[in-house]
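What follows is a set of notes on a single structure, which appears directly below.
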Amino acid sequence: MTEAAVLYREIDALLAIVRREGAAQAEAWADYVGPADFQESASNLAHYLAFRHRDLRALQRPLMRLGLSSLGRLESRVVPALMAVKAALAALTGQAPGNGPSTETFFDGEGRLVERTHELLGSLASSRAVALMVTCPTEAAEEPSFMQALAERGVEAVRINCAHDDADHWHQMIDYVRAAEKVTGRRLKILMDLAGPKIRTGKVRLAAGHERIGKAAILAIVPPGGLDRIELDDQHFAVECTLPEALRAIKVGDRLFVDDGKLGAEVERVEAWGVLARVTSVLAKGIRLKPEKGLNFPDTELKIAALTDKDRADLDYIAAHADGIEFSFVQSAADVKMLQNALSERRPNDWRSLSLILKIETALAVRNLPDLLVHAAWQQPTGIMIARGDLAVAIGFARMAEMQEEILWIGEAAHVPVIWATQVLEHLIKKGIPSRGEMTDAAMAARAECVMLNKGPYLFEAIDALDQLLERMDVHQHKKTPQLRRLKSW
């Protein structure tokens, strides 16, 4: 039997398995997959999961040698791509090729992704293929020129973080956005970010004679007001955790991180008054423990509501003024349903017109991403934000690079836009000069549908640099596919 004949049998069997397992997964989603438009996307996502549940590396190289697709870029068109390869192999073995996918069917997923990107973020302002989003600083409520400068530079969306400022500030920001639209003729989408249940450090107690906590030190973590109940002498560091539920759920061996991972520790004892953890990673000179710093518990399943009382109050404003919501700390389909119910109470007639961006920032959100997507997108325009800061702490910095790739693939398979966020061109924004590494990082962001920039004194310089970079990258790369334009350097 020829190599092509062997490959034909393998692809035929693979296609049958993908169709069967994909159909079973799609059936499991049937209760909440609504409009026919998204049913096709949910089906493709189900097929993609079935396809990627097996190791296909041994199949790729023989296909490449025969001049066929290696199956490495089929995210948006799983079954059509497999059908095309099967038809080509049939022709190579002298069989009738059968009915391969039409051009329309083959590229349909790409078209859906473009349409949904425009629905979520608006039409693109320039020749680049990637949208830009900018986080608004407090100054955006004080100086109307800020929003006009964004509109003039072709920024597609502004992000208002409800963890900061208040409704008066937000209202002024939105007024300035609308004024900038009138002057420039450019429409900017307004996306508002729910704060979510933030876990922070509270009051701090230093060890006697020490200002910095170092490696191997013991750290006590207690609920608010618990510093006086610690059954330890004053030779130990201690800090409050603003979310007592976390301390009730944590187990011996669980890791915790303080201040975006600047300090890592492992829990050694759980006591009635709190927990004791030994510092396993920290700067060589140690760090100063301070209030209002982030606490992360990546190994602990925190069963807490994704919507806080503050979030519900903020939703009253968001539902009336924003184009979409960024959902912090979303981890399950139940969380999505909770938010959608809250929106339907506030805008019963048209809440589905509000877009929903799922911020992926915990390990549980990663595991549940397909269900989150399907549950959200059958009801309203949906996107994914790779919240790289919190997610890196939650899953480990070593895994972050591969995980952002996998999230991009899942988004493309579901025909849902992805936003690449956190620390993009951060050095340039803060210092005025980019680092070499962050320019490469920004170039990699061109595979997402949108890039988010945070606030800083050199924000406008960063927007200009990123705009040019993304425009140049567009002629070289589309998602995972290199674009073979003519080389001009040689």
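The values are calculated or read from the model by the stated rules, or taken from the named source; none is laboratory data. As the structure is a computational prediction, the values presented were derived from the model and not from experiment. Methodologically, a virtual Cβ is constructed for each residue, glycine included, from the backbone with ideal geometry; neighbour enumeration extends over all protein chains shown. SASA here: full protein model, heavy atoms, side chains in, ligands and nucleic acids out. Shrake-Rupley method; radii C 1.70, N 1.55, O 1.52, S 1.80 Å.
Quick one: would you say A157 is closer than 24 Å to G185 by Cβ, surrounded by 19 or more Cβ atoms within 10 Å (Cβ to Cβ), modelled with pLDDT under 95 and in contact with a helix residue (DSSP H, G or I) (Cβ under 9 Å, 6 or more places away or on another chain)?
No; evaluated as a whole, the condition is false for this residue.
List the helices (runs of 4 or more DSSP H) that sit entirely inside the range 375-490 and contain at least 3 residues that are at pLDDT 95 or above and under 15 Å from the mean Cα position of the chain (by Cα).
Passing ranges, in order: 397-413.
What residue, of I221, I230, is in contact with a strand residue (DSSP E or B) (Cβ under 8 Å, 6 or more places away or on another chain) and within 25 Å of E361 (Cα to Cα)?
I221
Go through the range 116-149 residue by residue and tally those that are under 25 Å from I410 (Cβ atoms), assigned to a helix (DSSP H, G or I) and touching a helix residue (DSSP H, G or I) at 6+ places or on another chain (Cβ under 9 Å).
Within the range 116-149, residues that are under 25 Å from I410 (Cβ atoms), assigned to a helix (DSSP H, G or I) and touching a helix residue (DSSP H, G or I) at 6+ places or on another chain (Cβ under 9 Å) number 1.
Of all residues in the range 27-53, count the ones that are open to solvent by 20 Å² or more (accessible area, probe 1.4 Å), modelled with pLDDT of 90 or more and not polar (S, T, N, Q).
Going through the range 27-53 one residue at a time, the tally reaches 7.
Among residues belonging to the range 418-464 that are open to solvent by 30 Å² or more (accessible area, probe 1.4 Å) and of a type in the set (A, V, I, L, M), point out the one that is farthest from L373 (Cα to Cα).
Among residues in the range 418-464 that are open to solvent by 30 Å² or more (accessible area, probe 1.4 Å) and of a type in the set (A, V, I, L, M), the one farthest from L373 (Cα to Cα) is I433.
Can you tell me which condition T308 does not meet? The list is (1) over 30 Å from H47 (Cβ atoms); (2) touching a Gly at 6+ places or on another chain (Cβ under 8 Å); (3) buried (at least 23 other Cβ atoms within 10 Å of the Cβ), and all the others hold.
So T308 meets the others, but not (3).
Which of the residues spanning the range 283-303 are over 27 Å from the mean Cα position of the chain (by Cα) and either farther than 20 Å from G226 by Cβ or surrounded by 18 or more Cβ atoms within 10 Å (Cβ to Cβ) (or both)?
The answer is L283, A284, K285, G286, I287, R288, L289.
Just checking, which of A249, A313 is surrounded by fewer than 19 Cβ atoms within 10 Å (Cβ to Cβ) and modelled with pLDDT of 95 or more?
Being surrounded by fewer than 19 Cβ atoms within 10 Å (Cβ to Cβ) and modelled with pLDDT of 95 or more holds for just one of A249, A313, which is A313.
Determine, yes or no, whether E361 is at pLDDT below 95 and closer than 30 Å to K215 by Cβ.
yes
Please verify whether E405 is farther than 26 Å from Y458 by Cα and out of contact with any Asp or Glu (no Cβ under 7 Å at 6 or more places or on another chain), treating the condition exactly as stated.
Yes: the conditions hold for E405.
Could you check how many residues of the range 66-111 are without any contact (Cβ under 8 Å) to a residue 12 or more places away in the chain and either part of a helix (DSSP H, G or I) or farther than 20 Å from R9 by Cα (or both)?
5
Can you tell me which residues in the range 299-339 are under 30 Å from V279 (Cβ atoms) and in contact with a strand residue (DSSP E or B) (Cβ under 6 Å, 6 or more places away or on another chain)?
D299, S328
Residue-by-condition table, conditions (1) over 23 Å from R399 (Cβ atoms); (2) in contact (Cβ under 8 Å) with a residue 12 or more places away in the chain; (3) part of a strand (DSSP E or B); (4) in contact with a helix residue (DSSP H, G or I) (Cβ under 7 Å, 6 or more places away or on another chain):
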residue: L232; (1), (2), (3), (4): yes, yes, no, no
residue: E245; (1), (2), (3), (4): yes, yes, no, no
residue: R248; (1), (2), (3), (4): yes, no, no, no
residue: L256; (1), (2), (3), (4): no, yes, yes, no
residue: G261; (1), (2), (3), (4): no, yes, no, yes
residue: E268; (1), (2), (3), (4): yes, yes, yes, no
residue: V275; (1), (2), (3), (4): yes, yes, yes, yes
residue: P291; (1), (2), (3), (4): yes, yes, no, no
residue: A319; (1), (2), (3), (4): yes, yes, no, yes
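Which of the following residues is farther than 30 Å from D467 by Cβ and surrounded by 14 or more Cβ atoms within 10 Å (Cβ to Cβ): T103, T93, T135?
Being farther than 30 Å from D467 by Cβ and surrounded by 14 or more Cβ atoms within 10 Å (Cβ to Cβ) holds for just one of T103, T93, T135, which is T93.
Can you name the residue in the range 321-336 that is under 15 Å from N161 (Cβ atoms) and outside any helix (DSSP H, G or I) and is also most open to solvent (accessible area, probe 1.4 Å) among such residues?
The residue in question is F329.
Counting only residues that are part of a helix (DSSP H, G or I) and either among the aliphatic types (A, V, I, L, M) or surrounded by 24 or more Cβ atoms within 10 Å (Cβ to Cβ) (or both), which one in the range 349-374 is farthest from the chain's Cα centre (by Cα)?
If we take residues in the range 349-374 being part of a helix (DSSP H, G or I) and either among the aliphatic types (A, V, I, L, M) or surrounded by 24 or more Cβ atoms within 10 Å (Cβ to Cβ) (or both), then V374 is farthest from the chain's Cα centre (by Cα).
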